[in-house]
Amino acid sequence: CGICKENIKKYKCKSCSIPYCSLDCYKKHQLTPCEQLQQKQPELINEDKNPSKNILLFTTLDTVQPEKLELLKNCDTLKNLLYNPHLRQLLREIDTATDGYRAIKAAMMEPLFVEFADECLKIVEPLDSNNDDVII
């Protein structure tokens, strides 16, 4: 066991893979942040700081330019919405779905996701006040 150093390991932490032997050791481990998890976070932050690495292989009419996507991370409303664990779970499910269209269609039945999507669209495709036409 990587926690008590006394018993035989039976389980592993999902985040850092440290072996532990019992529920007591698991609870002790949960009191402190995982070491490997902390080491991975700075790498992710560094990747986000260099948007030039995100090369578009092909574009369509619906492709959002990286400059517009950068605007999303400055939106306080989006940040507040993302505090909701249910929304984060919905986004994970969409991201890992084998059929993205079906996953988004299902998520659009959730008012929370609709609110999130609308807020994203307001930033990426702001409505032109001169154009009163609504495209459906």
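The values are calculated or read from the model by the stated rules, or taken from the named source; none is laboratory data. What you are looking at is a predicted structure, and each value in this text was computed from that prediction instead of being measured. Glycine also receives a Cβ, built like all others from the backbone with ideal geometry; neighbour counts cover every protein chain displayed.
A Cβ distance below 8 Å, combined with a sequence gap of six or more or placement on separate chains, defines the contacts here; from region 81-94, residues that are in the same structural domain as V114 (by TED's automatic domain parsing) and under 13 Å from A117 (Cα atoms) reach residues that are surrounded by 10 or more Cβ atoms within 10 Å (Cβ to Cβ) and among the basic types (K, R) in the pairs L82/R88. Only residues that are touching a residue at least 12 places away in the same chain (Cβ under 8 Å) and under 31 Å from the mean Cα position of the chain (by Cα): list them for region 3-19, please. Passing the criteria: I3, K10, Y11, C13, S15, C16, S17, I18, P19.
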